[in-house]
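Structure first, then comments.
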Amino acid sequence: MIHQLYREQQLNCDIQTAWKFFSSANNLSEITPKDMKFIVLTKFENDEIYEGMIIDYFVSPLFGIKMKWQTEILKVDFQKSFIDFQKKGPYKLWHHHHEFIENENGVLMKDTVDYELPLGFLGEIAHTILVKKKLEDIFNYRYKILEERFNR
């Protein structure tokens, strides 16, 4: 079953600042809880996002188990949105749409994640017991870090 997580957050900065921060794979570990041991493996000379960009990571999402994760940037609409898609990793489906909307207070950032777990019925049990809460905790952590960074 495909699930969806949606979040939005107002950032008190200009679109250039928001775009530069969020479109950089090197900033992902800053907004990911430390217990996930999130490490970006791909090294970029030029950190500008582009369609077809492949990014490799190590992540320990549950029980400290280290996993490789690979995403591809499917679509980029400069300073408006981008989509990352899991090519290899713990999910059967991971499709993350990042949107940035300028307004009088700065930038409204929206995240829509469509995801599905592997293993059918067992994956659904894992979702109910563990994964849904873990994803909510990750995005709650992210919200807190972004509040500190952009909205002091």
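The values are calculated or read from the model by the stated rules, or taken from the named source; none is laboratory data. Quick caveat, the model's predicted, so the values are computed rather than measured. Using ideal geometry, Cβ is built from the backbone for each residue, glycine included, and neighbour counts are taken over all protein chains shown. Surface areas here come from the heavy atoms of the whole protein model, side chains and all, with no ligands, DNA or RNA. Shrake-Rupley method; radii C 1.70, N 1.55, O 1.52, S 1.80 Å.
Some notes on this structure:
- Centroid-to-centroid separation of region 75-107 and region 1-68 [C-alpha atoms, Å]: 10
- Dipole size of region 1-135 about its Cα centre, with +1 on Lys/Arg Cβ and -1 on Asp/Glu Cβ: approximately 740 debye, rounded to the nearest 20.
- Size check on the chain: the Cα extents along the three principal axes, sorted descending, read 46, 30, 26 Å.
- Reachable lysines from Lys37, criterion Cα separation under 24 angstrom, eight or more residues apart if same chain: Lys20, Lys66, Lys68, Lys87, Lys88, Lys92, Lys132, Lys133, Lys134, Lys144
- The chain, relative contact order in percent, only Cα pairs under 8 angstrom and at least six apart counted: 28
- Selection of trypsin sites (Lys or Arg not before Pro), region 40-114, meeting DSSP coil and at most 10 other Cβ within 10 Å: Lys43, Lys66
- Restriction of the chymotrypsin sites (Phe, Trp or Tyr not before Pro) in region 1-105 to DSSP coil positions whose beta-carbon has at most 13 other beta-carbons within 10 angstrom yields Phe44, Tyr50, Phe63, Phe78.
- For Lys92, the amide hydrogen comes within under 5 Å of the amide hydrogens of Glu116, Leu117, counting only partners 5 or more places away or on other chains and with H modelled in the peptide plane.
- Close amide H contacts of Cys13 (hydrogens built in the peptide plane, cut-off under 5 Å, sequence separation of 5 or more or a different chain): Val107.
- Protein heavy-atom surface of the chain, 1.4 angstrom probe: 55% of the accessible area is carbon and sulfur, with nucleic acids and ligands not counted.
- Per residue, the accessible area of the chain comes to 58 Å² when a 1.4 Å probe rolls over the protein heavy atoms.
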